[in-house]
Every structure is written in C-alpha cells, then in structure tokens.
Amino acid sequence: MALENLTVLIVEDGDEYLENLSRFVPGPTYRQVRSGAAALSALAAGDVDLVYLDMRFDRIPRGDLLGDHAAATREHNGDPLRGWRYLENNQGLFVLNALHAAGYGGLPVILAYDFSREAARLKHLQARYPRLSWVPDAVTPEAIRERMLEVTQS
C-alpha cells in the first residue's frame, strides 16, 4: 500500500507527532486523538490503516488515562503520585491493550518509544501484540516512512 493511500490515526497528548508527520512525512491522511477512549471511538468509525501511538501521556486530564490507578498505587507502595506517574509514563501500553481487547489487534501500531535498550520488554510485547512496531523519538522522516510501509505491507 502506498503512503498516499494510508489513513494514520495519531494517538498523542500533544501536537508534536501530528505537526512533524504532516510536515516531514507527507502522503498519508493523518487524524489525531488525545486519549485511548477517543482512539477506540475513531477506530469504531472506521477507515484507519495504521495507529501511530505515543508512549507517555502527561498532558491530558488524569480521568482520561486508561488503567487502574488504585492497582498502580498499590504496586508503588501506596504512593498515589507514583501510581499516576506510572499510568502516564506507560499510557501507550494501556492504549495498546485496550485496542487489542476491543478487537483491533490486527491493526498495525507504531509505538513512539525507544526500545533499543529494552529488547526483552519489546520481545514480550510483540509476542502479545504481533502487529506492534516502534520508532524512537529521535528518528528521521525516511525511517518513519519506511516503517509505515513495512508494517502496512506485512
């Protein structure tokens, strides 16, 4: 599939990916949402070929974060602030899980996160989410373009 025929859903809490992809990786139609719930709604509306997902969501209301804050707090020695930070720092994975649980596991996802030092974590995630790929935050437009083509043609 050519980039010009792709519809990419960007899930991020800011505008950086939308602005940069629109400017430096022209061709696809880009749509943006800012939360996991909004991503599910956008996918239900259809016409999405690829999800470009941010990992960290620290600029949306806490009530919009997916995940169990009480459980995250318990896992962090009862510290509610650390529980919120955990949900924010790993929100992309909570969104990924929600997409999979809602039946969108066959949709390719590019997660913007640097897994270069976390090979075991990536291997575990790709075993659970076979259509998962990644790019680091510091990535060239050419590498993003190649990754988009790679994941949509597999």
Query raised in the report: Looking at (1) touching a Leu at 6+ places or on another chain (Cβ under 9 Å); (2) of a type outside the set (A, V, I, L, M, F, W, C); (3) exposed (fewer than 13 other Cβ atoms within 10 Å of the Cβ), which is the one condition that is false for Tyr104?
Result: (3)
Report task. Determine if region 89-101 includes at least one residue that is farther than 30 Å from Glu146 by Cα, at pLDDT 95 or above, out of contact with any Asp or Glu (no Cβ under 9 Å at 6 or more places or on another chain) and of a type in the set (S, T, N, Q). Result -> no
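Count, please, the residues in region 11-60 that happen to be part of a strand (DSSP E or B), of a type in the set (S, T, N, Q) and buried (at least 18 other Cβ atoms within 10 Å of the Cβ). First the steps, then the outcome.
If we filter region 11-60 for residues that are part of a strand (DSSP E or B), which is where we start, we get 11, 29-33, 50-54.
Remaining after also requiring of a type in the set (S, T, N, Q): 29, 32.
Subsequent filtering for residues that are buried (at least 18 other Cβ atoms within 10 Å of the Cβ) retains 32.
Of the residues in region 11-60, 1 are part of a strand (DSSP E or B), of a type in the set (S, T, N, Q) and buried (at least 18 other Cβ atoms within 10 Å of the Cβ).
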Requested in this report: State all residues of region 55-78 that are among the charged types (D, E, K, R) and touching a residue at least 12 places away in the same chain (Cβ under 8 Å); if no residue qualifies, say none.
Outcome: Arg56, Asp58, Arg59, Arg62, Asp64
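Looking at region 98-109, can you tell me whether even one residue there is over 20 Å from Val8 (Cβ atoms) and free of Cβ contacts under 8 Å to residues at least 12 places away in the same chain? Quick ask: steps written out before the conclusion?
We begin by selecting, within region 98-109, every residue over 20 Å from Val8 (Cβ atoms); these are 101.
Filter once more, keeping what is free of Cβ contacts under 8 Å to residues at least 12 places away in the same chain: 101.
Yes: region 98-109 contains one or more residues that are over 20 Å from Val8 (Cβ atoms) and free of Cβ contacts under 8 Å to residues at least 12 places away in the same chain.
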**Report entry** Test result for Ser154, under 28 Å from Glu4 (Cα atoms) and without any contact (Cβ under 8 Å) to a residue 60 or more places away in the chain
**Finding:** yes
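The values are calculated or read from the model by the stated rules, or taken from the named source; none is laboratory data. Every value quoted in this text rests on a predicted model; they were computed, and no experiment measured them. We place every Cβ from the backbone using ideal geometry, glycine too, and count neighbours over all the protein chains shown.
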